[in-house]
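Below: the structure, in structure tokens.
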Amino acid sequence: MILTDDERGMRDGAEGPAVAAAMDLLVRYGEALGAEHLCEVRNVAGTTTQPSPAKARLVAEGGWERAFSVINLDSDETLDVPPMRVPTCQLQQGFGADAHGVPYPAEFVDLQSDAEAFYGRRGVNILATCTPYQVGNLPVRGEHVAWMESSAVVYANSVLGARTNCEGTASTGAASLTGRIPCWGNHHVTNRLGTHLVRADLPVRSFRDWGLFGYFVGDLVQEARPVLVGELARPDLTDLKHLGAAAASSGGIELFHLPGVTPEAPTVEAAFGGRVPEAVGYGPAERRTVYDRLNDQGDREEVDFVLLGCPHASLDQIREAARLLEGRHVEAELWIMAPRALKAVADRSGYTAVIEAAGGRILADSCPAMSRAAPEGTRVFATDSAKQAHYLPAILGIEAWFGTTAECVDAAVTGRWRGELR
Ligand code: F3S
């Protein structure tokens, strides 16, 4: 791998042992991938504060320096952790102390609180959300970044036109200390061109339909780069985050193009860089198959728990939930997952008060899949998120229903699932 003078200096210890370990890790990682050089990055979204039993053990052994050295730098030695070299944010993590009644270990809450103090002093912005792009972390088009979290990565690449692979805990930790990441995969323009053309032969307009379409596309192309055309309404932020998260759940999509909408696809031809392949159609039969697949994990009509906000809810989603809940009362537990910064806006705007008056709640920082936590005794849950419907039954061993936001709110109010595909 070709290193600049600055990079060689970091590797050789000019900026201390932790930075040297970080550069060594990135060189080993890059060489394994066949990367010829490193990209400069000034935006890292990673995870250092998320509690785990292994992290608790390491902290007990040698403090947060030990945990960071082993987990984020792949080092056997315990190294002093300097301030992060480039802007870095913490993605989603565990639940915090204000998540009263959520069955989540108290020792993890304390561990996370310690971690926030440690990493906050080193310049990590504790955004605590899987949607950092909703709360002020917005890389610009063409910017090389180092992000984790599949739903955030697909949004950054596709909607923002930033360039990142799906990084991990160690590579983002090393990137934070060096401002570098191996230049391969999605960092190269030639690896960002479309590979498959998928045509919607029926209208895709609603939030639910963007999720169904995304789930179909992910399953179809797996880790390739689809270009999406057809009867598509102009999506908003909420639709696009649902589309990408669904596609990254049924497949491993890190980049899609919507000609006329996403920045690297002014036209279909531009999205492919020339030759346009034959389209695969998405019609009523495919939509029905995807819907049935997402709902084949539900058997009982009684719903104990309703989950909205995966990826973390936008303000529009919170406001819509408040509108649907106005003057009603929930039978089942209702949680809306949201970035803490947006919850503050929801509080000030009165949405939280309406949701809480109905018996629901807005929770920040985490989600049931991330923290492996749902209300005690949950057997059946309902969600408007294709991603949660995909993952949560396997993680928590519960049944799932997938539908519209309105169907989910109705299920929360009545305690019964009445969703259907029209
Ligand atoms: Fe976010 Fe949890 Fe969904 S981290 S994308 S709300 S699974």
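Can you name the residue in segment 324-364 that is charged (D, E, K, R) and in contact (Cβ under 8 Å) with a residue 12 or more places away in the chain and, of all such residues, is surrounded by the fewest Cβ atoms within 10 Å (Cβ to Cβ)? Break it down stepwise before answering.
To start, the set of residues in segment 324-364 that are charged (D, E, K, R) comprises 326, 328, 331, 333, 340, 343, 347-348, 356, 361.
Of the ones still in play, those that are also in contact (Cβ under 8 Å) with a residue 12 or more places away in the chain are 326, 328, 331, 333, 340, 343, 361.
Values: Glu326: 11, Arg328: 16, Glu331: 16, Glu333: 22, Arg340: 18, Lys343: 23, Arg361: 17.
Filtering segment 324-364 for residues that are charged (D, E, K, R) and in contact (Cβ under 8 Å) with a residue 12 or more places away in the chain, the one surrounded by the fewest Cβ atoms within 10 Å (Cβ to Cβ) comes out as Glu326.
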Among residues of segment 274-305 being at pLDDT below 95 and more than 25 Å from the chain's Cα centre (by Cα), the residue nearest to Ile398 (Cα to Cα) is Asp299
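Please specify each residue of segment 80-122 satisfying the condition of being of a type in the set (Gly, Ala, Ser), part of a loop (DSSP other than H, G, I, E, B) and on the phi < 0 side of the Ramachandran plot.
Residues of segment 80-122 that are of a type in the set (Gly, Ala, Ser), as a first pass: 94, 96-97, 99, 101, 106, 113, 115, 117, 120.
Filter again for part of a loop (DSSP other than H, G, I, E, B), leaving 94, 96-97, 99, 101.
Selection gives Gly94, Gly96, Ala97, Ala99.
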Within segment 12-44, the residues that are free of Cβ contacts under 8 Å to residues at least 24 places away in the same chain and either over 27 Å from Leu91 (Cα atoms) or in contact with a strand residue (DSSP E or B) (Cβ under 8 Å, 6 or more places away or on another chain) (or both) are Asp12, Gly13, Ala14
Scanning segment 126-147 residue by residue, the ones that are crowded, with 21+ Cβ neighbours inside 10 Å, among the aliphatic types (A, V, I, L, M) and either in a loop (DSSP other than H, G, I, E, B) or within 15 Å of the ligand (Cβ to nearest atom) (or both) total 3
When (1) more than 16 Å from the ligand (Cβ to nearest atom); (2) free of Cβ contacts under 8 Å to residues at least 40 places away in the same chain; (3) out of contact with any Asp or Glu (no Cβ under 9 Å at 6 or more places or on another chain) are applied to Gly123, the one that fails is (2)
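Of all residues being in contact with a Lys or Arg (Cβ under 9 Å, 6 or more places away or on another chain) and of a type in the set (A, V, I, L, M, F, W, C) in segment 293-312, which is farthest from the ligand (Cβ to nearest atom)? Just the residue, please.
So in segment 293-312, the residues in contact with a Lys or Arg (Cβ under 9 Å, 6 or more places away or on another chain) come out as 300-305, 310-312.
With the extra rule that they be of a type in the set (A, V, I, L, M, F, W, C), the set shrinks to 303, 305, 310.
Working: Val303: 19, Phe305: 15, Cys310: 3 Å.
Out of the qualifying residues, it is Val303.
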How many residues of segment 375-410 are over 21 Å from Val290 (Cα atoms) and crowded, with 24+ Cβ neighbours inside 10 Å? The answer is 1
_Could you go through segment 175-194 and let me know if any residue there is part of a loop (DSSP other than H, G, I, E, B) and within 15 Å of Thr262 (Cα to Cα)._
yes
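Looking at Ala162, Ala156, Ala99, can you tell me which residue is among the hydrophobic types (A, V, I, L, M, F, W, C) and away from the ligand (no atom under 15 Å from the Cβ)? Spell out the reasoning first.
Numbers: Ala156 fails: away from the ligand (no atom under 15 Å from the Cβ); Ala99 fails: away from the ligand (no atom under 15 Å from the Cβ).
Being among the hydrophobic types (A, V, I, L, M, F, W, C) and away from the ligand (no atom under 15 Å from the Cβ) holds for just one of Ala162, Ala156, Ala99, which is Ala162.
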Matching residues in segment 254-283 (touching a residue at least 40 places away in the same chain (Cβ under 8 Å) and part of a helix (DSSP H, G or I)) number 3
Being within 16 Å of the ligand (Cβ to nearest atom) and under 19 Å from the mean Cα position of the chain (by Cα): is that true of Ala245 here? yes
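The values are calculated or read from the model by the stated rules, or taken from the named source; none is laboratory data. Note that this is a predicted model, so its numbers are computed, not measured. Cβ: placed from backbone, ideal geometry, glycine included. Neighbour counts: every protein chain shown.
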